[in-house]
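Read through the structure below, which is laid out as structure tokens, and then see the notes.
Every number here is computed from the coordinates shown, using simple stated rules; none is lab data. Since we're looking at a predicted model, the values are computed, not measured. Positions of Cβ are backbone-derived with ideal geometry, glycine not excepted, and every protein chain shown enters the neighbour counts.
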Amino acid sequence: MPLVNIRNLTRIFDVSKPWLNRVIERRPKAMLTAVSNVSFEIEEKTVYALVGESGSGKSTIGKMLVGLLPPSEGAVEIRDIDLARETDAAKIDSIRSDIQMIFQDPYASLNPRWRVRDIIAEPVAARGGDTKRLAEKLLEQVGLAARDAGKFPHEFSGGQRQRICIARALASEPKLIVCDEPTSALDVSVQAQVLNLMSDLKDEFGLTYLFISHDLTVVQHMADRIGVLYLGRLVEEADPDTLFDAPKHPYTQMLLAAAPKLDGFGREVTPPTGEIPDPINPPPGCAYNPRCPLAQDICRTTRPELRRVGDARVACHMVD
């Protein structure tokens, strides 16, 4: 049974101007669909990665998963409990204690006025748990010294701050951690250290990750399953070997062709044609059809459904 089951998830934001401006300018409300009918499952003790361009809805899905945003439609079920609709407070509290999040900016997500000891112990202290020497123990597990517990966040480098964020996420002994681009703000050498640390902790504590990233090399290293998002829609899902060796959706092929390669010096890559559509007014049919070299009439009128093709799931009329 999967740990997380996301079904037909949709999130719509009201990005309209204030009421008086709309009356004067005679403009209707503007609604932005950040996530559109997304469905996937995350098996326990695995890493599921979401990739895509900026604005594709990756972080919005992560925030809905941890409960920071309510879904407009659909459901996020964790151990068959839908946090948005469950009324039993005890069940909600038990599930919430199993979820933590690591944010993109390690400095912005740490309270600059708190010592590291209090930051790490906060998830446990909020529930009345025993926090004695908890921070010191976790700091040593993430490769820092126990004496660092008495310091403030500004006394650490970016990579060390992210290790503190990881220690805080581990404090409540979670089952699921949502990692929202946890290494994108770090230097390449530090990225490798943090990723290896996260991989080791996953094996040690039996963690499950939802890993959000736009870095395909990181995703290939970390993920057991990859979902590719475009304009809030899941267009392809496969394991890393299948996705990187034989991508089936034209958008996935474009992403992989544009990625830097060590042996790609001097290679010529045809740049993608067209512009990313306006998410407030997306095109009918397949959202990728204005940029797709394979687009046919059906692509411009009918939205493709995710269907299984071999070991992958693909939303494309032309996949055959």
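Quick notes
- Exposure proxy for Arg27, Arg291, Arg300: other Cβ atoms within 10 Å of each Cβ, ordered fewest to most, give Arg27, Arg300, Arg291.
- Fully extended contour minus Cα-Cα distance, from Ala84 to Asp200, at 0.36 nm per residue: 38.5 nm
- Residues Phe40, Phe211, sorted so that the one with the fewest Cβ neighbours within 10 Å comes first: Phe40, Phe211
- Put a plus charge on the Cβ of each Lys and Arg, a minus charge on the Cβ of each Asp and Glu, and nothing anywhere else: the dipole of the chain about its Cα centre is then about 1040 debye.
- Within the stretch 128-171: Cβ-based charge dipole about Cα centre, in debye rounded to nearest 20 (Lys, Arg +1; Asp, Glu -1): 20
- For Thr208, distant residues with modelled amide H under 5 Å away: Lys45, Leu176, Ile177
- Cut-off 14 Å, label 7 Å out along Cα→Cβ of Ser39, residues of the stretch 279-312 by amide N: 304-308
- The share of alpha-carbon pairs in the stretch 138-215 lying farther apart than 18 Å comes to 38%.
- Antiparallel bridges, percent of DSSP beta bridges restricted to the chain (to nearest 5): 60
- Convex hull projection area averaged over all views, the stretch 214-320, Cα basis, nm²: 7.2
- Compactness of the chain was expressed as the Cα radius of gyration divided by 2.2 N^0.38 Å, which yields 1.08.
- Protection-proxy order for peptides 114-122, 145-153, each taking the mean of Cβ atoms within 10 Å per residue, highest first: 114-122, 145-153
- Mean separation of Cα contacts under 8 Å, 6 or more apart, over the residue count of the stretch 1-160: relative contact order %: 20
- Spatial separation of Cα centroids for the stretch 111-144 and the stretch 1-49, in angstrom: 34
- The calculated FRET efficiency for Gln296 paired with Arg133, based on their beta-carbon distance and R0 = 45 Å, is about 0.10.
- Across the chain, the relative contact order, built from alpha-carbon pairs under 8 Å that are at least six residues apart, equals 19 percent.
- A simple spin-label model places the labels of Val319 and Arg303 1.6 nm from each other, with each point 7 Å out along Cα-to-Cβ.
- Contact order, relative form, for the stretch 207-263: 23 percent (alpha carbon pairs under 8 Å, 6 or more residues apart, mean separation divided by residue count).
- Cα shape, the stretch 88-186, gyration tensor, a/c 1.5 rule: oblate
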